Amino acid sequence: DGGITQSPKYLFRKEGQNVTLSCEQNLNHDAMYWYRQDPGQGLRLIYYSQIVNDFQKGDIAEGYSVSREKKESFPLTVTSAQKNPTAFYLCASTSMRGSYNSPLHFGNGTRLTVT
Amino acid sequence: KNEVEQSPQNLTAQEGEFITINCSYSVGISALHWLQQHPGGGIVSLFMLSSGKKKHGRLIATINIQEKHSSLHITASHPRDSAVYICAVKENTGNQFYFGTGTSLTVIP
């Protein structure tokens with residue numbers, strides 16, 4: 001079955017440590033996204049990538065970094081520079097073929113707690 | 001400024017009731033998505049619309065492009081429909097999505 005896998009589901013880190021969240025998809029999707037979800041707010045875009053080795057900052061990219069070395073993988077690193085990293089992180093992907101609109105697929109999310 | 005507004009924020013219904021969730025948006029779009037998020041956090045896509053109306057089982061989604069408005073209807077609601085429903089739009093000038101803050105639905109037996 002095709003889908004998006006995020007790991008781990010729960011992650012606990014001490015302040016000052018970098019942490020990397022994994023996102024893998026086997027849907028052959030070109031576009032991948034990282035969102036942050038906080039209570040009472042809509043999903044906010046951290047980074048997105050439309051092709052391998054290319055990515056763009058979203059609205060809240062400060063303190064985060066990404067890489068896209070393979071089409072299937074789009075890991076997110078939460079650095080110590082991120083002032084308020086405790087949140088629920090969601091990875092998503094969609095196809096970008098021409099003008100065709102494709103559904104947005106989500107992983108099950110990673111809940112990061114930094115103390 | 002929120003590109004996508006949803007109402008209501010919270011909704012409690014008795015089992016069997018007809019439910020409507022509304023979504024208004026302010027940007028030009030190529031498609032509108034209705035998403036469902038259960039307490040565990042994972043999000044699933046319910047509908048993708050660019051015009052008209054779609055139906056899956058007890059769920060119906062409509063969109064009025066001229067008025068920049070969409071509605072999600074649930075007929076004969078059931079406790080398993082309890083979830084957060086999120087409206088999202090894909091802008092027509094790029095590859096970004098904008099999301100509403102969600103409607104938290106609780107259906108009481």
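Treat each spin label as a single point 7 Å out from the Cα along the C-beta direction, and report the A:THR20 to A:GLN50 distance in nm.
The two pseudo-label positions are separated by 2.7 nm.
Pull up the cross-link candidates among the aspartates and glutamates for A:LYS57, meaning alpha carbon to alpha carbon under 20 Å and not fewer than 8 places away within one chain.
In chain and number order, the partners are A:GLU24, A:ASP30, A:ASP38, A:GLU69, A:GLU72, B:GLU3, B:GLU91.
Could you compute the FRET efficiency for B:LYS55 and A:ASN84, with r as their C-beta to C-beta distance and R0 at 45 Å, rounded to 0.05?
That gives a FRET efficiency of 0.60.
Scan around A:LEU21 for amide H atoms under 5 Å from its own, H built in the peptide plane at 1.01 Å from N, and keep only partners 5 or more places away or cross-chain.
A:LEU76, A:THR77, A:VAL78
Would you please give the residues with an amide H less than 5 Å from that of B:PHE47, counting only those at least 5 places away or on a separate chain, with H modeled from the backbone geometry?
B:TRP34
Just add up the charged neighbours of A:ASN53: K/R +1, D/E -1, any other residue whose Cβ is under 11 Å from the Cβ of A:ASN53.
Local charge sum for A:ASN53: +1.
For the pair B:ARG80 and A:SER7, what calculated FRET efficiency results from E = 1/(1 + (r/R0)^6), where r is the Cβ-Cβ distance and R0 = 30 Å, to the nearest 0.05?
Step by step, r from the Cβ atoms, then E = 0.65.
For region B:70-104, list residues with backbone N below 11 Å from a point placed 7 Å from the Cα of B:ASN10 toward its Cβ?
B:104
I'd like the GluC sites (Glu not before Pro) in region B:6-109 restricted to DSSP loop residues with at most 16 other Cβ atoms within 10 Å, sorted by number.
Passing sites in region B:6-109 are B:GLU15, B:GLU17, B:GLU67.
At what distance in nm do the modelled label points of B:PHE18 and B:ASN95 sit from each other, each positioned 7 Å from its Cα along Cα→Cβ?
Label at B:PHE18, label at B:ASN95, 4.2 nm between them.
Any read-out appearing in this document is the output of simple, stated calculations on the displayed coordinates, not a laboratory observation. Remember, it's a predicted structure, so these values are computed and weren't measured experimentally. With ideal geometry, Cβ positions are generated from the backbone for all residues, glycine too; neighbour counts draw on all protein chains shown.
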